[in-house]
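Working notes for the structure below.
Please treat every number below as a calculation from the coordinates, not as lab data. Values in this document were obtained by computation on a predicted structure and should not be read as measured data. Cβ atoms come from the backbone with ideal geometry, glycine included; neighbour counts cover every protein chain shown.
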């Protein structure tokens, strides 16, 4: 705007209501894998100085608890390999966001529902579906029946019963959150957290028809992701890669003496040293230094 004398006045910037990411809290990743809600606090910025652990490739914090203990990415990557279906909503949603793939949630009752068993046999257990799903989506399975394999690993009867009740509570909480009325129920969610497909029930012989519906929902989600990603790229987000080929889509929030701090769209913060980044990223950093006259 113009002030007195025709001089331009600098417009006062209004802080973004959703913090550094520009992403509303409900669109960010959820809390712990046991279903406990994250304490409110918004997308608080991290402290100016955070300890940098040299053994990390990237380290992450909870966006709503920046002072919490920071887990190491190398530790997360070294976790035992899971099956094709995730069992934790937190991990599944995080994977969906990082990989740019929609999330398919399968609510099932493998013990009491014949149609759940039929759906598994006729579609989800086939190699064709497995190949397609591995490339196109992230899968999350929520079973009304507690996981016997996991229960068998508990040491005492009391621990087993506590774990069983926890599993039942977790399943019931997600069922309520997603308004699931019966089994089997399928929900396809895009990377922004929006439901793009909801399917209830199954009939024997309908595998190809249902798969066609899932393919359509995946295509809709993929198109939505392109626009979502393009919008974030205009805000400074880009893909970063370490020397092991692992990638994150994040925005650089600070650079100091070779240490970079990032923030992902879901609010997750991370740090790494430039020596651990790919040659393409190092070239980009050098270019930005020249533009800003940074030595």
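Run the numbers on the range 81-231 and let me know its relative contact order in percent, using alpha-carbon pairs under 8 Å that are six or more apart. Let's see the in-between values first.
Details: 197 pairs, mean separation 47.3, N = 151.
Here the relative contact order equals 31 percent.
Would you mind getting me the FRET efficiency between residue 275 and residue 174? Use the beta-carbon distance for r and R0 = 35 Å, nearest 0.05.
Computed FRET efficiency for residue 275 and residue 174: 0.25.
For the range 153-213 and the range 82-123, write down the distance between their C-alpha centroids in whole Å.
With the range 153-213 and the range 82-123 each reduced to a Cα centre, they are spaced 7 Å.
Compute the FRET efficiency between residue 162 and residue 289 as 1/(1 + (r/R0)^6), taking r as their Cβ-Cβ distance and R0 = 45 Å, and round to the nearest 0.05.
On the way: r = 54 Å, r/R0 = 1.21.
According to the calculation, E is roughly 0.25.
I want to make sure I understand the PRE zone here: with the label point 7 angstrom from the Cα of residue 230 toward its beta carbon, which residues in the range 85-101 have backbone N atoms less than 18 Å away?
100-101, by backbone N distance to the label point.
Return the Rg/Rh value of the range 235-295, two decimal places, where both radii are evaluated on C-alpha atoms and Rh is the Kirkwood radius.
Working: Rg = 11.1 Å, Rh = 11.9 Å.
For the range 235-295, the value is 0.94.
Over the range 235-295, calculate the relative contact order: mean separation of alpha carbon pairs under 8 Å at least 6 apart, over the residue count, as a percent.
Values: 76 pairs, mean separation 15.2, N = 61.
Computed over the range 235-295, the figure is 25 percent.
Viscosity 1.567 mPa s, temperature 4 °C: Stokes-Einstein D of the range 81-231 from its Kirkwood Cα radius, in µm² per second?
Working: Rh = 16.2 Å.
In µm²/s, the coefficient is 80.
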